[in-house]
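Enquirer: Take this structure, written in structure tokens, and hold onto it; I'll ask about it next.
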Amino acid sequence: MTDSKYFTTTKKGEIFELKAELNSDKKEKKKEAVKKVIASMTVGKDVSALFPDVVNCMQTDNLELKKLVYLYLMNYAKSQPDMAIMAVNTFVKDCEDPNPLIRALAVRTMGCIRVDKITEYLCEPLRKCLKDEDPYVRKTAAVCVAKLHDINAQLVEDQGFLDTLKDLISDSNPMVVANAVAALSEIAESHPNSNLLDLNPQTINKLLTALNECTEWGQIFILDCLANYTPRDDRESQSICERVTPRLSHANSAVVLSAVKVLMKFMEMLPKDLDYYGTLLKKLAPPLVTLLSAEPELQYVALRNINLIVQRRPEILKHEMKVFFVKYNDPIYVKLEKLDIMIRLASQANIAQVLAELKEYATEVDVDFVRKAVRAIGRCAIKVEQSAERCVSTLLDLIQTKVNYVVQEAIVVIKDIFRKYPNKYESVIATLCENLDSLDEPEARAAMIWIVGEYAERIDNADELLESFLEGFHDESTQVQLQLLTAIVKLFLKKPTETQELVQQVLSLATQDSDNPDLRDRGYIYWRLLSTDPVAAKEVVLAEKPLISEETDLIEPTLLEELICHIGTLASVYHKPPSAFVEGSRGVQHKRLPGSAGSGESVESPDTGSAAGVSDAPPAVIPSQGDLLGDLLNLDLAPPATTTGPPPPTSSGMQMGAMDLLGGGLDSLMGDESEPLGGDLGGSPAMGAGFGAPPAAMPASFNAPVSGGLDDLFDLGGGVGMPSGAYSPPKSIWLPAMKAKGLEISGTFARRAGVVQMEMTLTNKAMSVMTDFAIQFNRNSFGLAPAGPLQVLTPVSPNQSIEVALPLNTVGPVMKMEPLNNLQVAVKNNIDVFYFSCQYPISMLFVEDGKMERQVFLATWKDIPNDNESQFQIKDCHLSSDAASSKLQGSNIFTIAKRTVDGQDMLYQSTKLTNGIWVLAELRVQAGNPNYTVSLKCRAPEVAQCVFQSYEAVLKN
Amino acid sequence: MIGGLFIYNHKGEVLISRVYRDDIGRNAVDAFRVNVIHARQQVRSPVTNIARTSFFHVKRSNIWLAAATKQNVNAAMVFEFLYKMCDVMTAYFGKISEENVKNNFVLIYELLDEILDFGYPQNSETGALKTFITQQGIKSQHHSKEEQSQITSQVTGQIGWRREGIKYRRNELFLDVLESVNLLMSPQGQVLSAHVSGRVVMKSYLSGMPECKFGMNDKIVIDKQGKGGGSEDAAKSGKQSIAIDDCTFHQCVRLSKFDSERSISFIPPDGEYELMRYRTTKDIILPFRVIPLVREVGRTKLEVKVVIKSNFKSSLLAQKIEVRVPTPLNTSGVQLICMKGKAKYKASENAIVWKIKRMAGMKESQISAEIELLPTNDKKKWARPPISMNFEVPFAPSGLKVRYLKVFEPKLNYSDHDVIKWVRYIGRSGIYETRC
């Protein structure tokens, strides 16, 4: 008789027919019908409509039929709770049956009927069954408690089932003990803080005794439970280990792994100098190796676990490299895992063998595997220095195969090798360059670009190579774009003369045409760096790279500890804590390895994590393309000046920077021998953001540079000024000695007798005499330039300071700076050229003839659109309006008229800048109120901020 | 624990579906089908996480067995259970095929109900299961009360793998030492790696509850005994003893006793079972030595000569010898001359296959081949895969010897001498390769 026929009935009206058959008088027919129902249920048909008819068949002495009905009940009881009650009586009756198999069947099925109303009726039968004389019934009842707990935890507690379950741990039958342990462990998991599994030396002893006698599955339950126990001291720990080690010879891999878990955990408590500790370590290796001869699925689980064990205790398997060699017929998931472990175990002693193997693997068929093998060769090179050369030549051989993905993978790892061993294997670059065209994967392209950028000075046609990538810039992935940007900046810093155009092109591609914020940010950062401080740019972009770590993909120590506590489980397969993939309260508890005995010597290394669970940062891994950016962002890239009030649109600042790059930045790079490049070279695009444009238009002007504003700027030019007594800020350090090989420059600006002066103190903090001083300014907003050479007549001997005053004029080349009053200076002496930037108070540019006629003032005030008016508050100023007026006059801010309205003095003032810009002001001073209000109106509103700063500085000093 | 267990046919249709836990729904059945069985790519892992449900699967011919769970279960246990499940099914109805599963679905449900309770594996020894779950309906209703309690005590007892009251007219024991010898050798004849993985498989037809003790020439045991019996004896026996790297045992073996005394004692299951598995790496007898000679004559010709030498007692015969010499992909023709056996070039397998039915020990044989190559512009050099070999020899390459297998049954009136014991050694090639 075959049962497969039940699967084939798919005709209409089937349910109706089945109903009739179920109600048949003939036993055989009934049974056939129930079988059909179950078959339909299996394939997913809804046969719940037959519920009453099937339940009617329950009252039978035919055990096979009964089991089938029970199976049906378990599936459908939940959808028919009212009907399910009909079954209760039978269960209660069956629990009294003389046949233990039937009693157990009843209690087993009962627990699977997840209907609240029923559970109450089950308590009495369950209580009886927990104390049944037959162990088979008891072991089934033990599991039933866990089932019931899952449905109604409160009920289980109220009924005292948990205590009964605890008593079962002392049962004479090992299987009952095992099931009780399993049930208790599960219940305890959902009550993390309860002391449900009260593990004490007595219970542990009982468990260890049962361990020797129960089924393989029972052994797993007990071992998994044991792993949660923390021995009181190292002696208890050792004695448990001694009783667990025989399990390592069990044929069931799960028993072995669970035993390994217990041992790995309890070993933490053993002092390392103990003989037993060494013995235990030795005992662990063979069973782990044996796991690799199990079926592939189990091998996979074992390998994932070995990966953890090797990270925690590398000494266990360090001599077992060969067993991880990949076999031709291994399934791919086993192969990949083996490779991982091979890399972890690679050392100087076995590297030759490992490499030979890896080379073989690189010719296999599976692409993922081949890639991983190639990558592994690179890892070996980084891990074992002695092998680096051989690894590189192996990689070159592989590149010669011209198999596309092999070549690409090889280039990616060669990049890492270059990083680890700079200036050693550059001879291979030529070979790499040959394969440039075949690279179509972003990672490989990025790696290649990195190599070209890094070794730009040795690759003759580096600029051509990089330029070829630039053509399709926007089609590249972000990774490649970022790398290309960095590489070209590197190239520029190394070969500035030939690559200006290229760098300009890439910067504008990155900042103007890209929507990617990362790319734009990096573009701006470079741009600003190159424009403000090319030396810093060099320091940042061509900085020494941090060493790359030997070990890769290490699991973070605290997680590793937790995973060690989960050996054998899914968590160890996923390498994720249970909370990452288990819902609800289960598995949320984080397990910990126990602290070590005595002085804590069992902790392998300081960063393996202490019991306190300090979460160390994961060790650096082979960096991805993103890390350079990371390096950059770690630097303080705040703009040199901190401006208050409405911040100027930063984007325009960037635009200015671009300009500057071609001027000052380049100048400084080339040293002092170069003349500033002609104004027209960079003049046009950058000037677009000229003063005439209203602030709101700035960001826009940045995206689409216009040259319109240029004229305005020059129109405003000209103008000279006179009287003295102007405000001069105290000296501040512009160039610290550290940055300038011992030369410290502090200084300030002053306007003396209508002449702007730069007053500096040069201090020699170096050991040798400094001579041959010279100074040069970069182009700036107001065309400031030295009026004569820097007059340092005598050499400056060590620890000597000299004061120098450098008269300035305002007829130098003009370029808008950000902030407006920024000045970039290069100072040269016999040692080197140094660069710094400083900011001058704009008040020193206020000329002496800045007093406007009243009528003109009124007219101008009206004429300037209100949009150009900006208002500022000056706080805590205790001068009267007259005192303020005279003080301001000292700095060439002239009061034209004064009005008093409601006790508020209104001073109308004017001032003129060296380039002819007029600034009109209304200063409101209310008696008794220390806060002044300044309203500034100017045709070039950008200056308002600076002017306001001068107001504040003058009034407060 | 295991939340649900499903069996599918190759098309992904469910044949068996048993849900143990509330958190596994019917949609899990479909999720596995869609994401694993019907997945376009080859399976990359035997564990798959789909929508926070983990699936473990194994395949037997074209039947898929999958276990689903939402908890952090013991993964090794789940796989062991799935294998066990396969063993149990095979023991009941033979090969696991769609037809057999369909024909026995009621039985399978019954088994699943018994061996997995709320997702916890229970006693799954077929010996015990067969006493109360049968294909012909349930026996137990016909059992007497005494018999019933016997069944339950056996299922839950310490010796769950054997039922009481077994009787044979002839007490017999068959013991097979099956070894597979693995080798990787360099072209110069240097052993790169070699190991033997062995199994001791037993068929016992013994009455009652016999206590057995198995002894072999385990170095540790021999050395220990040697210490008692004088150094000379130790030296003598030391030669014949073998160092076992590791071994695992059937659950009937008392592991704590093995751990403390290194003695293998057990009450055997009835019928066939694997008593132990072991692995050795030292002093392996390599039954064959392969000496390859490859000469590239110009760009279009290759001369290959392979000599095999049998390295065991001349009175013994090796069987089913097969040597596989890989050939380049651009091979156009092969001329073969062999002294013994039959050789053929198999273009579809890119190899010359040389078969010899039997070969005695201490003999030598050789094959020469001239391989014509098509000229190619492929720069890639031929990778020269290793020459592999298959064979079967009537001895254990590890050197393992069964020293004794004693049987004690105190309750019944037969003694160790009355048991007929058969011992057989078979050594087979595992991965036996020589690079060329």
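Bear in mind that the values in this text are calculations on the coordinates, not laboratory data. This structure is a prediction, so every number in the text was calculated from the model and none was measured. Reconstructed Cβ throughout: ideal geometry from the backbone, glycine too, with neighbour counts over all protein chains shown.
Enquirer: For residue A:264, what charge total do you get from the other residues with a beta carbon under 9 Å from its beta carbon, if Lys and Arg give +1 and Asp and Glu give -1? Display every interim value, and only then the final one.
Expert: Working: positive: A:261, A:265, A:312, A:313; negative: A:268.
For residues surrounding residue A:264, the net value is +3.
Enquirer: Take peptide B:184-194, look around each residue's Cβ out to 10 angstrom, count Cβ atoms belonging to other protein chains, and average those counts.
Expert: 1
Enquirer: Using Cβ counts within 10 Å as a stand-in for footprinting exposure, how do A:918, B:161, A:217 rank, fewest first?
Expert: Details: A:918 20, B:161 24, A:217 28.
Lowest count first: A:918, B:161, A:217.
Enquirer: Where does each of B:41-48, B:85-92, A:271-278, B:195-202 land if you order them by average Cβ count within 10 Å, highest first? Each step should come with its number before you reach the end.
Expert: Numbers: B:41-48: 15.5, B:85-92: 18.2, A:271-278: 13.0, B:195-202: 21.0.
So the order, starting with the most tightly packed, is B:195-202, B:85-92, B:41-48, A:271-278.
Enquirer: Let me ask you something else. Can you tell me which of A:44-52, B:151-159, A:422-430, B:210-218 comes out highest on packing, and rank the rest after it, using the mean Cβ neighbours within 10 Å?
Expert: Packing order, densest peptide first, comes out as B:151-159, B:210-218, A:44-52, A:422-430.
Enquirer: Mind checking the mean number of beta-carbon atoms from other chains within 10 Å of the Cβ atoms in A:86-97?
Expert: The shielding value for this peptide is 0.
Enquirer: A further question follows. Could you work out how far helix B:105-115 tilts from the main Cα principal axis of chain B, as a 0 to 90 degree angle to the nearest 10?
Expert: 80 degrees
Enquirer: A follow-up question, please. Rank B:127, B:119, B:165 by mean-square fluctuation in a GNM of chain B with C-alpha springs under 10 angstrom and give only the top-ranked residue.
Expert: Highest fluctuation of the listed residues: B:165.
Enquirer: Based on Cβ point charges of +1 for Lys and Arg and -1 for Asp and Glu, what charge dipole magnitude is obtained for region B:286-379 about its Cα centre, in debye rounded to the nearest 20?
Expert: 500 debye
Enquirer: Now for a different question. State the answer as a single residue: which of B:314, A:554, A:408 lies farthest towards the positive end of the charge dipole of the protein assembly as shown, with beta carbon charges of +1 for Lys and Arg and -1 for Asp and Glu, about the Cα centre.
Expert: Checking the options against the dipole of the protein assembly as shown, the answer is B:314.
Enquirer: So how tilted is helix B:145-156 from the main axis of chain B? Cα-based, degrees 0 to 90, rounded to 10.
Expert: 50 degrees
Enquirer: Right, something else. Can you give the FRET efficiency to the nearest 0.05 for residue B:274 and residue B:300, using r as the Cβ-Cβ distance and R₀ = 60 Å?
Expert: 0.70
Enquirer: Another question, if that's okay. Hey, what's the per residue convex hull volume over the C-alpha atoms of chain B, in cubic angstrom?
Expert: Taking only Cα atoms, chain B has a hull volume of 205 Å³ per residue.
Enquirer: Return the average number of partner chain Cβ atoms within 10 angstrom of each residue Cβ along peptide B:382-393.
Expert: 1
Enquirer: Throw me the Rg/Rh for region A:847-922, computed over C-alpha atoms with Kirkwood Rh, two decimals.
Expert: My calculation puts Rg/Rh at 0.96.
Enquirer: Need the C-alpha centroid separation for region A:888-957 versus region A:381-405, integer Å.
Expert: Distance between centres, Cα-based: 72 Å.
Enquirer: Can I ask one more? Put +1 on the Cβ of every Lys and Arg and -1 on every Asp and Glu Cβ in the protein assembly as shown; which of A:190, A:361, A:908 then has its Cα farthest towards the positive end of the dipole?
Expert: The residue sitting farthest along the positive end of the dipole is A:361.
Enquirer: Using alpha carbon coordinates only, what is the Rg to Rh ratio of the protein assembly as shown, with Rh defined as the Kirkwood radius? Walk me through the intermediate numbers first.
Expert: Working: Rg = 43.3 Å, Rh = 39.0 Å.
Expressed as Rg/Rh, it is 1.11.
Enquirer: Moving on to the next point. Give me the distance between the Cα centres of region B:92-132 and region A:177-228, rounded to whole Å.
Expert: First find each Cα centre; the distance between them is then 27 Å.
Enquirer: If you line up the long axis of helix B:231-240 against the longest principal axis of chain B, both from Cα atoms, how many degrees apart are they, to the nearest 10?
Expert: 80 degrees
Enquirer: If you don't mind, there's one more thing I want to ask. Taking the Cα centre of the protein assembly as shown as the origin, how large is its charge dipole in debye, to the nearest 20, when only Lys and Arg (+1) and Asp and Glu (-1) carry charge on their Cβ atoms?
Expert: Dipole size: approximately 6020 debye.
Enquirer: What residue among B:278, B:205, B:109 shows peak mean-square fluctuation when chain B is described by a Gaussian network model with Cα springs under 10 Å?
Expert: Largest GNM mean-square fluctuation: B:109.
Enquirer: If you find the alpha carbon centre of region A:43-119 and of region B:317-384, how far apart are they in angstrom?
Expert: With region A:43-119 and region B:317-384 each reduced to a Cα centre, they are spaced 66 Å.
Enquirer: To continue, here is another question. In debye to the nearest 20, how big a dipole does region B:5-95 give about its Cα centre with +1 on each Lys and Arg Cβ and -1 on each Asp and Glu Cβ?
Expert: Dipole about the Cα centre, nearest 20: 220 debye.
Enquirer: Separate question: Rounded to the nearest 500 deg cm²/dmol, what is the calculated helix-only ellipticity per residue at 222 nm for the protein assembly as shown, with -39500 (n - 2.57) per DSSP H run of length n ≥ 4? Could you put the intermediate results ahead of the total?
Expert: Numbers: 50 runs with 549 residues, N = 1393.
Helices in the protein assembly as shown give a 222 nm mean residue ellipticity of -12000 deg cm²/dmol.
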